[in-house]
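Q: Submitted below is the structure of interest, expressed as structure tokens.
The values are calculated or read from the model by the stated rules, or taken from the named source; none is laboratory data. Note that the coordinates shown come from a computational prediction; the quantities given were computed from them, not determined experimentally. Cβ sites come from the backbone with ideal geometry, for glycine too, and all protein chains shown count toward neighbours. Calculation scope for accessible area: heavy atoms of the full protein, side chains included, ligands and nucleic acids excluded. Shrake-Rupley method; radii C 1.70, N 1.55, O 1.52, S 1.80 Å.
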Amino acid sequence: MSKSLSTLQRLKLIYKTNQFPWKRHVMVGWDLTGNEYWEMPNPNHPKGRWKRWVQMKEGGDDVGVFSENQLPVQWQAWLRHTRYEPPAIQELVKEQQRLTRLQQKVRQLEVQADEERERLAVAAANEIQEQQQQYRQPLKVEQSQKAEENEDYKKSQEEQQQQQREKEKSAEAGSRPEGQGETFVPGSWSPTASRRR
């Protein structure tokens, strides 16, 4: 509520907040958004527990319009009878300041978390690229080694085939023994069958 109230507004506030013999309900207080909190004796309750309710600023005179998530926690506790005394305006102001500080800290933490996520994503991407390069290099080396092995194998096969051909040629020609040591190739001998008489 504003500090500069007209005389009529002051009288209205005094009438709302004081209990007179002809008036059953009393306004207990208000919050920072202008919602009014009321209470009145409950004749049906054996212990004399008072009925409590809120009249929302946006709802006008309709008491049925109630948005719990728009009410301060202190006033919610008072409405549920878990708090005996209604909260003071100073308490509500401190709570609002605390919530503002908390929201700023949450925003800072969210920014830090976003930066950390981005940093980790970049690091992961770099690591993946490095691993791909490492896998590609051995693959290229393996491929070149396989190609060399294939060439060596082909050469050795060709040499063996050539040696085989040379042996066949020398065997066909009825060659004589050639060479010495490791290069020794015995001459061919084909026995003739004896004729039987």
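Q: Rounded to the nearest whole Å², what accessible area per residue is found for the chain with the 1.4 Å probe?
A: Value returned for the chain: 86 Å² of accessible area per residue.
Q: Does anyone have the angle between helix 89-172 and the longest principal axis of the chain? Alpha-carbon axes, 0 to 90°, nearest 10?
A: In the chain, helix 89-172 runs at an angle near 10 degrees to the longest axis.
Q: I've got another one for you. Which cross-chain or sequence-distant (5 or more) residues have an amide H under 5 Å from the amide H of Lys51, H modelled 1.01 Å from N in plane?
A: Under 5 Å from the amide H of Lys51: Met40, Asn42.
Q: In debye, nearest 20, what is the charge dipole magnitude of the chain about its Cα centre with +1 on Lys and Arg Cβ and -1 on Asp and Glu Cβ, if you could check?
A: On the way: 32 positive and 29 negative charges, 302 e Å.
Once rounded to the nearest 20, the dipole reads 1460 debye.
Q: For every other residue with a beta carbon closer than 11 angstrom to the beta carbon of Leu109, add +1 if it is Lys or Arg and -1 if Asp or Glu, then tell me the sum.
A: Details: positive: Lys105, Arg107; negative: Glu110, Asp114, Glu115, Glu116.
Around Leu109, the surrounding residues sum to -2.
Q: Relative to the longest principal axis of the C-alpha atoms of the chain, give the angle of the C-alpha long axis of helix 7-17, reported between 0 and 90° and rounded to the nearest 10°.
A: 80
Q: Percent of accessible area on the chain owned by carbon and sulfur, 1.4 Å probe?
A: With neighbouring chains kept in place, the figure for the chain is 51 percent.
Q: While we're on this one: Before rounding to the nearest 500, sum -39500 (n - 2.57) across all DSSP H runs of length at least 4 in the chain and divide by the residue total; then give [θ] at 222 nm in deg cm²/dmol.
A: Calculated from helices alone, the mean residue ellipticity at 222 nm is -19000 deg cm²/dmol.
Q: Here's something else I'd like to know. Say the dipole of the chain comes from +1 at the beta carbon of Lys and Arg and -1 at that of Asp and Glu; which of Val73, Gln9, Ala124 then lies farthest toward its positive end?
A: My answer, from the dipole projection, is Gln9.
Q: So for the chain, averaging the separation of alpha carbon pairs under 8 Å that are six or more residues apart and normalising by length, what relative contact order in percent results?
A: Numbers: 129 pairs, mean separation 15.5, N = 197.
After rounding, I find 8 percent.
Q: Over region 1-58, what per residue volume does the convex hull of the Cα atoms give, in whole Å³?
A: 98
Q: Another question about this same structure. Obtain the nm distance between the two label points defined at Gln70 and Gln160 by a simple spin-label model: each point lies 7 Å from its Cα along the Cα-to-C-beta direction.
A: Taking the two extended label points, one gets 9.2 nm.
Q: Using the Karplus equation 6.51 cos²θ - 1.76 cosθ + 1.60 (θ = phi - 60°), what ³J(HN,Hα) coupling, rounded to whole Hz, does each residue of region 47-52 give in order, writing x for Gly and Pro?
A: 8, x, 5, 7, 7, 10
Q: Per residue, what volume in Å³ does the Cα convex hull of the chain take up?
A: 423
Q: For region 99-167, compute the orientation-averaged projected area of the C-alpha convex hull (one quarter of its surface), in nm².
A: 4.9
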